[in-house]
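To keep things clear, I will list the structure first and then write my remarks on it.
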Amino acid sequence: MHTLEHLQALAVELIESERYLNEPKSLFEPIDYAMRQGGKRLRPLLVLIAADMFDEDVSKARYAAAAVEILHNFTLLHDDIMDNSPLRRGKPTVYKQFGNNQAILSGDAMFALAMQYGLKTESYAANAIANVLSQASIDVCRGQALDMDFEQRDNVTIEAYIEMVRLKTSVLLGCSLKMGAIIARTEQANIAALSDFGEFIGIAFQIKDDMLDCWSKVEDFGKVKGKDIADKKKTFLYLKALETADGDMRNRLLSLYNDDSAEQNEKISRVIEIYERLNIKSIAQNVVEDYTKRAMESLERVSATEESKKNLIIFANKLLIREK
């Protein structure tokens, strides 16, 4: 079994060492740019961790790990276009750098490229890997559609938000662990439990992301602060604040959130001030910890040694304290 640090370095190395440039340059340069913007490489890391848990040679998971990271970056590329996001990981987003048309076309190619990488996996696992990737792709698109729908709805519940997050964010984490476990040829019960771990930890990850959007420095977070508020996103913070606030404060929050004429920095500051008065940050942190606990309970169902589970436990604990 490898250390988490070793697997993390390997995940970064395998993504950085791949060659994404090809002809025509107009199609592949945006792909190369997207894949070299950095990032935590969490999804390929989870593929490697799952394979390593069952003493499988992690080199067999190389193509699946690359596939899920390409797929993840494809979703980010299109997500940034739809959200008009100027920054990703502290750099101009792909469409800002290359234009909408090039970004859309390159994103389409990335989706196909991810599937190609998945099919390069060991022959005994290739079909299963392709099925997992394709289902995850559909689920992520469902999640993105719900996220956009929520912008036009006034009746979004916290439960609906959690389901959107599960589809848009968590599924890819569960998919990553599932693929590593498939490559390791472990039993179906272990594959399902690891997928549950990934989905629960993904929900915790996204709620933490909601928090960082309000309470982080742009140089640490790599995104514009308060972008969710500016975009009127129905985040956990906003929905919980509506649920918690009394009549006057609730009306003030609704008015602020939907005021398109307000100066953006002032609007963001005033919304965050309401969150702080309602103790929303602390409430959200408790929910992050609750979903992390559920993830740990799923991990307990995995038939493997406690030592082999250590990397996922460390992974989850790091999630709780991250600031970017």
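Derivation of every value follows stated rules applied to the coordinates shown; laboratory data play no part. Computed from a prediction, not measured in an experiment: that's the story for all the values here. We place every Cβ from the backbone using ideal geometry, glycine too, and count neighbours over all the protein chains shown.
Fraction of C-alpha pairs exceeding 17 angstrom in region 197-324: 61 percent, rounded to a whole number.
Taking other C-beta atoms within 10 angstrom as a stand-in for reagent exposure, Ile314, Ile203 fall in the order Ile314, Ile203, fewest first. Normalised by the number of residues in the chain, the mean separation of alpha-carbon contacts (under 8 Å, six or more apart) gives a relative contact order of 18 percent.
The packing ranking, built from the mean of other Cβ atoms within 10 Å per residue, places the peptides 235-242, 31-38 in the order 235-242, 31-38, highest first.
Express the Stokes-Einstein translational diffusion coefficient of region 159-212 in µm² s⁻¹, to the nearest whole number, given a Kirkwood radius over alpha-carbon pairs, 25 °C and a viscosity of 0.890 mPa s.
For these conditions, the coefficient is 218 µm²/s.
Non-local lysine pairs in region 224-324, meaning eight or more places apart or on different chains, with alpha-carbon distances under 17 Å, amount to 21.
Legend: ranking of residues Leu14, Leu133 from fewest to most surrounding C-beta atoms inside 10 Å; resulting order Leu14, Leu133. Counting only alpha carbon atoms, the long axis of helix 126-150 and the longest principal axis of the chain meet at about 0°. By the count of other C-beta atoms within 10 Å, a proxy for reagent exposure, Glu122, Glu159 are ordered fewest to most as Glu159, Glu122.
Quick one: helix 171-183 against the long Cα principal axis of the chain, what's the angle to the nearest 10°, folded into 0 to 90? Taking Cα atoms only, the helix is inclined about 10 degrees. Counting Lys and Arg as +1 and Asp and Glu as -1 over every other residue whose Cβ lies under 11 Å from the Cβ of Glu13, the net charge comes to 0.
Look at the alpha carbon pairs under 8 Å that are at least 6 residues apart: their mean separation over the length of region 169-276 gives a relative contact order of 20 percent. The long axis of helix 4-17 is offset from the longest Cα principal axis of the chain by roughly 90 degrees. Karplus-derived 3J(HN,Hα) values for region 154-163, using 6.51 cos²θ - 1.76 cosθ + 1.60 with θ = phi - 60°, are 9, 10, 6, 9, 4, 4, 5, 4, 4, 5 Hz; glycine and proline are entered as x. For region 1-75, what value does the Rg/Rh ratio take when both radii are computed over Cα atoms and Rh is the Kirkwood radius, given to two decimals? That ratio equals 1.02.
Of the Cα atoms belonging to region 264-324, the radius of gyration and Dmax stand at 16.8, 52 Å. State the percent of C-alpha pairs, over all pairs in region 42-81, separated by a distance greater than 14 angstrom. Tail of the P(r) past 14 Å holds 48 percent of the pairs.
Computed log10 I(q)/I(0) for region 20-127 at 0.17, 0.18, 0.19, 0.21 Å⁻¹: -0.78, -0.85, -0.92, -1.05, from the Debye equation with unit scatterers placed on every C-alpha and solvent omitted.
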